[in-house]
Amino acid sequence: MTPARILDGRLLAERLAGGIRTRAAALSASGLSPSLLVLSLRPPPPTLKFVRRIAEVADLLDVSVAADVATDAGDLRARIALANGDPKTHGITIAMPLPTDVDVAGLIALLDPAKDVDGQHPTNAGAVAQGAAGFVPATAAAIIALLLDAGIVLAGLRVVVVGRGDVVGRPTALLMLREGATVTVTHRLTRDLASHTREAELLVVAAGVPGLITPEHVRPGAVVIDAGINATPEGFVGDVDPHVASVAGALTPPGALGHLATTLLLASVVEAAERAQRAR
């Protein structure tokens, strides 16, 4: 069998970077510097890695990034309120995951939707569901952008999404529907997962379970998108077993979406700053 085609979002991110940087420079020249605030609470190592990656990419795109670590949920709420009212802050994102004792939905609802550049607020989530304009979760946007850039026609395609989370699984399914795909969403309660995934011409995995998808789950020649990032003693791994490469027609290696998702998140910061400039 022919080896699977590798889909790597880093190449697309590099092509997009120039245009984003030009837009950011134009804003800075007018006296408005695009700025993102990343908030976190008791961040685990993967979250700290995520924040560092944002800062590194932002530096290349001329976008300013500040990272604040809250001491508790009350402090995090206060920091959100301050950022909402700060005209120099154009984007706010809350680094996930948050501790299990925190009301995540309640905190997200406090974000100003105009600054919610990762599309987590109910206003933006509703816009995605209705096919309206709004900020889209960056990883979901990266999946669609990567597929379209690779020339994969989504209209009419049989898609199975493994994972129903608010950040990747659910918004990805909604965006696929917007593109005309036929979508099935599976999750941890789905019986006989493989019977569903083997029907997929395009399989998107965002379950947060290392190595969940094996060759037996994959239809020969299918496109497989691995959106999982899991911390293990051996390092960060995806949700898709590497041996899937022997069956799939195309797939993303672990981490292939990260740089593109970060680039698109920062593009949303620039867009938020442009909107703020027009509103002056």
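Details
- What the chain shows is 46 Å² of accessible area per residue, with the surface traced by a 1.4 Å probe over protein heavy atoms.
- The alpha carbon centroids of segment 44-64 and segment 204-243 are separated by 24 Å.
- If you run the Gaussian network model on the chain, springs between alpha carbon atoms under 10 Å, then out of Thr263, Thr100, Thr184 the most flexible one is Thr100.
- Accessible-area composition of the chain, carbon plus sulfur, in percent [1.4 Å probe]: 57 percent
- Relative pair counts by distance (%), Cα atoms of segment 100-199, 5 Å bins: 3, 13, 20, 22, 19, 12, 8, 3, 1
- For segment 122-135, backbone phi angles converted through the Karplus equation (6.51, -1.76, 1.60; θ = phi - 60°) give residue-by-residue couplings of x, 4, 6, 4, x, 5, 4, 5, 8, x, 9, 6, x, 6 Hz, Gly and Pro being listed as x.
- Most mobile listed residue (Ile143, Ile108, Ile54) in the chain, GNM with C-alpha springs under 10 Å: Ile108
- Take each peptide in 42-52, 28-38, 195-205, 163-173, count the other Cβ atoms within 10 Å of every residue, and average; sorted highest first, the result is 163-173, 195-205, 28-38, 42-52.
- Once the convex hull of all Cα atoms in segment 34-177 is built, its volume per residue stands at 123 Å³.
- Neighbourhood charge, 12 Å Cβ-Cβ cut-off, centred on Ile229 and excluding it, Lys, Arg +1 and Asp, Glu -1: 0
- Under a Gaussian network description of the chain, with springs only between Cα atoms under 10 Å, the residue in Ala78, Ala245, Ala138 that fluctuates furthest is Ala78.
- Here segment 188-263 yields Rg over Rh of 0.96, to two decimals, using C-alpha coordinates and the Kirkwood radius.
- In this structure, the amide hydrogen of Thr184, modeled 1.01 Å from its nitrogen in the peptide plane, lies closer than 5 angstrom to those of Val159, Val160, Val161, counting only residues at least 5 positions away or on a different chain.
The values are calculated or read from the model by the stated rules, or taken from the named source; none is laboratory data. Only a predicted model underlies this, so the values are computations on that prediction, with no experimental measurement involved. Every residue, glycine as well, gets a Cβ built from its backbone with ideal geometry; the counts of neighbours run over all protein chains shown. Areas reflect the complete protein model, heavy atoms only, side chains present, ligands, DNA and RNA absent. Shrake-Rupley method; radii C 1.70, N 1.55, O 1.52, S 1.80 Å.
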